[in-house]
Amino acid sequence: MSRGRLIGLALLVVGAIALVPEGRLTGPVVLWALALGVWAFRRRRSSTWSLIAAGVLASVAATATVDALFPRWDEGIVFLLGMTATFTAAYLLPRERGGARWALWPALAWAFITVLANDPWGGLARWILPLVLIGAGVVVLGWSRGGR
C-alpha cells in the first residue's frame, strides 16, 4: 500500500472516530471505517482476498453495531449472515470484479451454520449435524482410498 493511501486510510478512521461521541458506538465506527478502507484501497479490482477481508470486517462491524444499539438481541446471527453474504458475493461476482468459483464451498458452509444457529425448533441440529459428519467421514475415507 502506498504512503498516500495509508495516510488517507488513517485520516478516514480518525475522522470517523471524531464524528462519533465517546460511547458505545466508537468501536463499531472504527470497524466500519476499517472495512470501508480495506474495500476502497484495495490494490486490484479483481482481488478476491480484499473482498473477503472487507466482508469479514463488515460482518464484525455489523455485529458490534447490533450489540451496541440493541444489547438484548442475539448479535451472533448478524455475524453468521454477514459471513454467508461475504462468501456468496465472492462466488457470484464476475471474475474481473473479484469473484471466485471456489467461494461456493465456504458460502454453503456458512449458510449451513446459519441455518443450524437459527433453528426455531431446536431439533434440527440433533439429526442434521450427525448426518453431515457421517457424510463427511464417508467422503474423506473415499478420497483416502482413491489415492492408493
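The values are calculated or read from the model by the stated rules, or taken from the named source; none is laboratory data. Being a predicted model, the structure only gives us computed values, none of them experimental. Don't worry about glycine lacking a Cβ; one is built from the backbone with ideal geometry, like all the others, and counts go over all protein chains shown.
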When you scan the stretch 87-105, do you find a residue that is surrounded by 14 or more Cβ atoms within 10 Å (Cβ to Cβ), free of Cβ contacts under 8 Å to residues at least 40 places away in the same chain and closer than 20 Å to Leu9 by Cβ, even just one? no
Considering Ile7, Ile52, Ile17, which residue is aliphatic (A, V, I, L, M), assigned to a helix (DSSP H, G or I) and modelled with pLDDT of 85 or more? Ile52
